[in-house]
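A.B. asks: Pasting a structure here, questions to come.
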Amino acid sequence: MLTKRIIPCLDIKNGRTVKGVNFVNLIDAGDPVVLAKQYADLGADELVFLDISATLEGRKTMIEMVHQVAEQVNIPFTVGGGISSVENVNELLKWGADKVSINSSAVKRPELVNELAEKFGSQCVVVAIDAKQIDGEWFVHLAGGTIPTEIKLFDWAKEVEERGAGEILFTSMNHDGTKGGFANEALAHLSEILNIPIIASGGAGTIQHFADTFKKGKADAALAASVFHFGEIPILELKEELKKQNIPVRL
């Protein structure tokens, strides 16, 4: 059985980590390379970096950061944020990223998924979907969850799988930031209709939330930010507890 993956997510702006990171004894919590190494040492299985700087300058810094992370960190990492072309992806992969994550750009031009899968292989194409449940129906939202669409989550997830996505990163906007647990019903349904791995995001607050998303939500991986950045849930402790609950993890 494949092991379940634990993935810290770091927001990057102009080459620095934002959204506060609070590791004890960490000299520079803003340096993504230092943090990436720290997370790799602490047992993270993968990392996700989201570039939230909208400037060209920020993009260039991101490429430099990718290169440094690739040189110093031995776990796979995904880069997302503002990726809208084969050229963008080519550059990121060339400098050492393992995967790229696309979101709004895929909704605006779904063929991008096909193009990336054909050129680089499905294994490095992650489609991130931010969705919100409104009156019982899940709808896709764009631009960091600020722009609602009429696209239904399950239809869109199925479509991107057919177009060649290798993985889905699903963030529930109803759960994100609440620390009340992941959207396990929606995740379980995604798991039923898709054959590709699903990363659960939004809602992590306790170790049990992770266990539940693997058992009830059938997720293949779980992503979180603040509970890891602020040391609320140490990764090793999390994995040891998951193992006790017979959830396969890499220790």
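A.B. asks: I need the P(r) histogram for the chain: all alpha carbon pairs, bin width 10 Å from 0 out to the longest distance, whole percents.
C.D. replies: For the chain, the pair-distance distribution reads 7, 33, 39, 19, 1.
A.B. asks: Report the label-to-label distance for Glu115 and Thr178 in nanometres (one decimal), using points 7 Å from each Cα along the Cα→Cβ vector.
C.D. replies: Rounded to a tenth, the inter-label distance reads 3.7 nm.
A.B. asks: Expressed in nm², what is the orientationally averaged projection area of the convex hull enclosing the Cα positions of segment 37-170?
C.D. replies: Here the figure is 8.5 nm², rounded to one decimal.
A.B. asks: Taking Lys132 as the anchor, which lysines have their alpha carbon closer than 23 Å to its alpha carbon, excluding any fewer than eight residues away along the same chain?
C.D. replies: Lys19, Lys108, Lys152, Lys158, Lys179, Lys215, Lys216, Lys218
A.B. asks: Next question. Along the Cα-to-C-beta direction of Lys215, a point sits 7 Å from the Cα; which residues of segment 185-200 have their amide N less than 16 Å from that point?
C.D. replies: 185, 188
A.B. asks: Okay, next question. Can you give the charge dipole size of the chain about its Cα centre, rounded to the nearest 20 debye, using +1 on the beta carbon of Lys and Arg and -1 on the beta carbon of Asp and Glu?
C.D. replies: 320
A.B. asks: Also, I was wondering about something else. Taking only the alpha-carbon atoms of segment 87-149, what semi-axes of the equivalent ellipsoid follow from 5 times the gyration tensor eigenvalues under a square root, in whole Å, largest first?
C.D. replies: 26, 11, 10
A.B. asks: Hey, another quick one. Out of all DSSP beta bridges in the chain, what portion is antiparallel? Express it as a percent rounded to 5.
C.D. replies: 25
A.B. asks: Same structure, new question: Pull up the cross-link candidates among the aspartates and glutamates for Lys244, meaning alpha carbon to alpha carbon under 19 Å and not fewer than 8 places away within one chain.
C.D. replies: Asp45, Asp212, Asp220
A.B. asks: How compact is segment 141-239 by the rule of thumb for globular proteins, expressed as Cα Rg over 2.2 N^0.38 Å?
C.D. replies: My calculation over the Cα atoms of segment 141-239 gives 1.08.
A.B. asks: Aspartates and glutamates within cross-link reach of Lys94: Cα-Cα under 16 Å, excluding same-chain residues under 8 positions apart?
C.D. replies: Cross-link targets: Glu64, Glu71.
A.B. asks: Right, something else. In segment 56-140, what percentage of the DSSP-assigned beta bridges are antiparallel, given to the nearest 5?
C.D. replies: Rounded to the nearest five, the antiparallel share is 40 percent.
A.B. asks: Select from Phe230, Thr149, Met173 the residue farthest towards the positive end of the dipole of segment 109-251; place +1 on Cβ of Lys and Arg, -1 on Cβ of Asp and Glu, and compute about the Cα centre.
C.D. replies: Of the options given, the answer is Phe230.
A.B. asks: What FRET efficiency, computed as 1/(1 + (r/R0)^6) with R0 = 41 Å and r the Cβ-Cβ distance, is obtained for Asp135 and Glu71, rounded to the nearest 0.05?
C.D. replies: The value I calculate is 0.25.
A.B. asks: Measuring from the lowest to the highest alpha carbon on each principal axis, how far does segment 202-251 reach, largest first, in angstroms?
C.D. replies: 26, 21, 15
A.B. asks: For Ile247 and Lys152, FRET efficiency with R0 = 22 Å and r from the beta-carbon atoms, rounded to 0.05?
C.D. replies: It comes to 0.15.
Rule-based calculations on the coordinates, nothing more; no lab input. This structure is a prediction, so every number in the text was calculated from the model and none was measured. Note: ideal-geometry Cβ built from the backbone for every residue, glycine included; neighbour counts use all protein chains shown.
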